[in-house]
Each structure stands twice: as C-alpha cells, then as structure tokens.
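I have placed the structure first, in the form of structure tokens, so that the comments after it can refer back to it.
The values are calculated or read from the model by the stated rules, or taken from the named source; none is laboratory data. This structure is a prediction, so every number in the text was calculated from the model and none was measured. Backbone-built Cβ (ideal geometry, glycine too); neighbour counts: all protein chains shown. In case anyone asks, the SASA skips ligands and DNA or RNA and just uses the protein heavy atoms, side chains included. Shrake-Rupley method; radii C 1.70, N 1.55, O 1.52, S 1.80 Å.
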Amino acid sequence: MTSLLGKDLIGLEGLTADQITAILDTAEPFKEVSERSIKKVPALRGKTIVNLFFEASTRTRISFEFAEKRLSADTVNVASQGSSVSKGETLVDTARNLEAMRIDMVVIRHHSSGAAQFLGERIRSNVINAGDGKHEHPTQGLLDLLTLRDRFGRIKGLKVAICGDVLHSRVARSNIWGLLKLGAQVAVCGPPTLLPRGLESLGVTVMHHIEDAIGWADALNVLRLQLERMEGGFVPSLREYNRIFGVTRERLERAPGDIVVLHPGPMNRGVEIDSDVADGPHSVILPQVTNGVAVRMAVLYLLAGGAPDWRSQAADER
Amino acid sequence: MPTTSRILDERAMARALARMASEIVERCQGSDDLMLVGIQRRGVELAQRLAELIQKHEGRAVPLGKLDITLYRDDLQSIGPRPVVGETSLPGDLDGQTVVIVDDVLYTGRTIRAALDELADFGRPRRIFLCVLVDRGGRELPIQADVVGTTVTTTQGDRVDVLVRERDGEDAANLVRA
C-alpha cells in the first residue's frame, strides 16, 4: 500500500503542490493534540521509529521525538557518537541492522547531501529526511510554510525573502521549492559569496542589499550564518556581516508594511538577527517551533500507510 | 444496480429528533451537567439540532462539543491514514459530566469504541450515553445505543446516508441497497 506521500519524504522538490497542501492541512488538527492535557493519540501505536542523527541537532531531534511520542509510536534515538557508526560502520549497514530488528520508519539527519534518498532506496522502512548536507530539510520547509499560512491566510502571491547563507543552507532549498510550488514570490538576499548561481532560472529574484529585501517582502526568512563559514573566507567578519546584512529593528522600522520574521534556529544573536527583532513583535520564531511538532506529526501519520510488510520480508530472507 | 429508498424524510427526521431530545433530557433527569458531543461529520450537525431542541424545552443552553475519531481508529494498519477531516473541541472539563455522544448512523460500533477511547483521554465523565439517528444493526462490538431515531435492517454492502440541511441542503436518511 502506498500512502499519499509515497514511501519516503526526501525533499519538497519531489512533492506536488497538492501533496504539500495536504500535509499542511493534516497538520492543523495535530496542533490541537499538543494543546490537550493528555498530548497523545493512538494513531501510530505499535510502530517503531529510529531517529538516526549523524549530525548534532537539538530542536529537530526533539521535535521529531515529541511528534512520534504524541502519535504513540515507540522511538529509539541513535547518535553517531557512542554508536557503531564511530567504529566505521557504513550508513547502509547501520540501517540494515536496525531493519533486521523490524523497525517501521527511520528519521535521518546526515552531513552528506543525498544520504536520505540513498538510504530510502536501500531499505524497506519509510525514510524521513531531517536534513541532509546542503540538500534539503523538508520538515523545516513545511513548518515555515505552515507558519506563513497561519499568519497571512495564504501562500500564493506572498513575497518571501530568504536572507543570508543560502549557498550552504538546506533550509533555503526546501523553502524555495515549497514556496514556488505554492505560488509565492521568492527572493534571496545575501553577499554574492553566499548565494548559489542559477537561482534566477527558477524564478527567484536575487538581491544584495538587505534594505531592498525588507522594502519588498511580506516575510523574511533569516538563515543562520554558519560560523564555520568564516574560515572559508565567505564573509570578512561577523561584525561587518551584521552591519551590512543584519536584520535590525532600525531596518525593519523602515519597512513599508507589516513584515514577519522567521528564523530556523539556532540564532546567532547580533550577527544575522538582532535580539530586539528576535524577541520583538515581528518575530514568529517560537510559533515556528510549535508548528514544527504538528507538521512532523502530519508527515509521520501520512507516511504510516506505506509501512513495510515484514511477513514478505521474512519470506525473502529464508 | 443500487437502489435507494428513503428511511426518513424531512418531517420524519424532525419528529425523530424532537423525540430524541426529550428522551435525552428524561434519561439524564434534566439538563444539568449535560454535554452533547457530535462525531464528525454529520453527528456534529445532529448534536447542534438536539441542543437547540433541548434549549427550547429546558430554557438553558447545552454545552456542545465535537469529536474527530480518525486518530483513534483501529484500522489504520489496513486502510492507511485517512485525512483528518475535522476538529476535536470539547466545551469544558468532562469530569463528572453526563456526556451524550451523537452520531448519524450506528453500524459496527467501531467508531463509538474509538470515541469512548478519545473521551477517556479528555476526562472521566460520570456517565456516557449514545444517541444515534439510524441504527442499522451489524454490530462487531458489544455496543448499543441508548437513544435511537429509527432502526433499519441492512446487509453488508448496503449504505445508509444521512443528509443534513447545513451540509447537504436537505434533511433525510436514505438506504442504498447494493
């Protein structure tokens, strides 16, 4: 049986506008589940989910784990440190061993682009990409879309500027695909060293001045400046980056209309975003986190229909 | 070739609902601590109607809730996830209340089993009654309705469609024979 989404969720590039809308619509009732005094429904009872994190993560891992637990799934967390991954076991061997224990789903975060798809093609369990290298972070893209839809009532026609280190950002890629598919206008804004080439051909506007982005957009999605990029020479200094590209209250006050600010976290306060913006009235950063759990519940729930049939697998192995 | 026959027309449905409303009040010995909870989708409209009727007789508003039981179904494994169609919202604390579950059709009893599980996650009512417009038999679980609009004998493959004005433009109950 295949689910509405197929077997795996690798990226928003591979989904249709209808599939993305179906996930967002399914997320709506799951918001309410998290407001109940007993924050749990039995929808995924008996399902076993492994959270396989090869890269550090707090927010995404905890968000997935809450989503899984609130759907009554059984979960196991595997981090690369302290597991046989640190002894040199390959990704596929790790996953096949987990699968031999009859798991149903794998949530994977990996530093290599394409890791989630690679895994999905080799195991029967559902695979959910929780961020793979510089490729995609689809559930982050979805929670950003849900937060924008909550705030504006629509995505179509919305002007969204993605600001900062677009080049290294899987969040940016998932956002661009999701926003374009749902009919938003998308711009990217940052120093030329941090913007990938060829975005114009997708219909994305390229800007190099944060003031231009603020003057144009309904919403800014401010990306984390990955500090390790400093050594790569992509930006001269953090202070200079803040002076030229930082989203500050003074700059937002000059926006023509009401503007909403998103940030996927973790924030570098005083670098890409100032504290009084992050904690101010324009910010929807905490609603993003709340929506993250609902969106992940929706994805897990919708993928559960495509769960593996272990009886036929056991027959294959004989 | 499926054939459709009418179980309830508009007037028969109005009479059934009026009788059901007074039966609910009688069984609950008044409308104190009474709460009506409609099951998505058409149970919601029926609960609304019953609440209006009770209010007319008793002169006080009855708290009204809705329940979507999709996430409590026991057949997710075999049929795959369904879209969650509606919201779940209860008007207040269930503890100590008399809760009347309202649904359009009672068949296998599995929906009601799911509704009971879901209600238990919200609180501990003093009593739960079940009120349905059409009881079509065919139970797979030991569940019975307390207040019934009408009873109809059906076989597997038949369908009972309840229509409500708010959603379908008319009030009726139809039996569609396979």
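Can you name the residue in segment B:47-81 that is within 9 Å of another protein chain (Cβ to nearest Cβ) and assigned to a loop (DSSP other than H, G, I, E, B) and, of all such residues, is modelled with the highest pLDDT? Result: B:D68.
Cβ-Cβ distances below 7 Å connect the following pairs, each with a first residue in segment B:3-16 that is surrounded by 12 or more Cβ atoms within 10 Å (Cβ to Cβ), a second residue that is in a helix (DSSP H, G or I), and a separation of six or more residues or different chains: B:L8/B:A16.
Screening the candidates A:I176, A:I128 for the property of being at pLDDT 95 or above, over 18 Å from A:T60 (Cβ atoms) and not small (G, A, S) yields one hit, A:I176. When A:I123, A:I49 are checked against the criterion of being surrounded by fewer than 24 Cβ atoms within 10 Å (Cβ to Cβ), in contact (Cβ under 8 Å) with a residue 24 or more places away in the chain and farther than 19 Å from A:H168 by Cβ, a single residue qualifies: A:I123. Among the residues of segment A:222-254, write down those that are buried (at least 19 other Cβ atoms within 10 Å of the Cβ) and of a type in the set (V, I, T). Matches in segment A:222-254: A:V222, A:V235, A:V247. Taking B:R11 as the residue in question, decide whether it is assigned to a strand (DSSP E or B) and over 15 Å from the mean Cα position of the chain (by Cα). So B:R11 fails the test. Checking the stated criteria, A:R154 turns out not to satisfy the condition of being open to solvent by 70 Å² or more (accessible area, probe 1.4 Å) and farther than 28 Å from A:D18 by Cβ. Filtered by the rule that a residue be open to solvent by 40 Å² or more (accessible area, probe 1.4 Å) and more than 13 Å from the chain's Cα centre (by Cα), segment B:130-146 gives B:G138, B:R139, B:E140, B:L141, B:P142. Could you please find all residues in segment A:131-169 being hydroxyl-bearing (S, T, Y) and closer than 27 Å to A:G114 by Cβ? Selection gives A:T139, A:S169. B:G149 meets all of the listed conditions (1) among the small types (G, A, S); (2) touching a helix residue (DSSP H, G or I) at 6+ places or on another chain (Cβ under 7 Å); (3) open to solvent by 20 Å² or more (accessible area, probe 1.4 Å) but one, namely (3). Based on this model, can you work out whether A:A219 counts as in contact (Cβ under 8 Å) with a residue 60 or more places away in the chain, surrounded by 23 or more Cβ atoms within 10 Å (Cβ to Cβ) and farther than 18 Å from A:L12 by Cα? Taking the combined requirement at face value, the residue satisfies it.
Of all residues in segment A:7-41, those satisfying the criterion of being away from every other protein chain (no Cβ under 12 Å) and more than 16 Å from A:I155 (Cβ to Cβ) are A:K7, A:D8, A:L9, A:I10, A:G11, A:E13, A:G14, A:S34. Return a yes/no flag: does segment B:152-168 have any residue that is buried (at least 21 other Cβ atoms within 10 Å of the Cβ) and in a strand (DSSP E or B). Yes: segment B:152-168 contains one or more residues that are buried (at least 21 other Cβ atoms within 10 Å of the Cβ) and in a strand (DSSP E or B). Against the criterion of being more than 11 Å from every other protein chain (Cβ to nearest Cβ), in a loop (DSSP other than H, G, I, E, B) and of a type outside the set (D, E, K, R), A:G46 does not qualify.
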